[in-house]
Amino acid sequence: MEEWLPKHMAADLGDISRLRMPFGKFGPQAFPPHGIPIYDLPAEYLAWFAQHGWPKGELGRLLRIVYQMKVDGSDAAFDPMRKAAGGKASLHHPRQRDFKNLGDPQSPA
């Protein structure tokens, strides 16, 4: 293995640990305030980019790395990042629950 490779891989993993999805279904508008960490994006979502084209620049390069790691079954490599962030990011929006009028035939549904 080349001498520079481990340092380069460590730098990529550091960048992956800090980057959040800046747009789209898992971006800040859907998951405020910063979006979902790219290491928690579903493989199916990343597969869409693989089929239709990756974003330009550093984001696209890092998304490719995350996708390849997930496809190769190396998703556990992201576990220390998840642990440091307080756990895996939830990809579901919390349901708004309102039980105040449940069972009250007088209230509008």
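Readers should treat all values here as calculations from the given coordinates under stated rules, not as data from a laboratory. Keep in mind the model is a prediction, meaning the values are calculated, not measured. FYI the Cβ positions are ideal-geometry reconstructions off the backbone, even for glycines, and counts take in every protein chain you see.
A few comments on the model shown:
- In percent, rounded to a whole number, the relative contact order of region 9-84 is 23, using alpha-carbon pairs under 8 Å and six or more apart.
- Selection among Val71, Gln29, Trp54 by position relative to the dipole of region 1-78 gives Gln29 as farthest towards the positive end (Cβ unit charges, Cα centre).
- When the chymotrypsin sites (Phe, Trp or Tyr not before Pro) in region 1-77 are filtered for DSSP coil states and for at most 12 other beta-carbon atoms within 10 Å of their beta-carbon, the remaining sites are Phe23.
- Amide H partners (placed H, <5 Å) of Met21, local residues excluded: Ile36, Ile38
- Stretching Trp48 away from Gln68 to a fully extended chain increases their span by 5.9 nm, per 0.36 nm per residue minus the current alpha-carbon distance.
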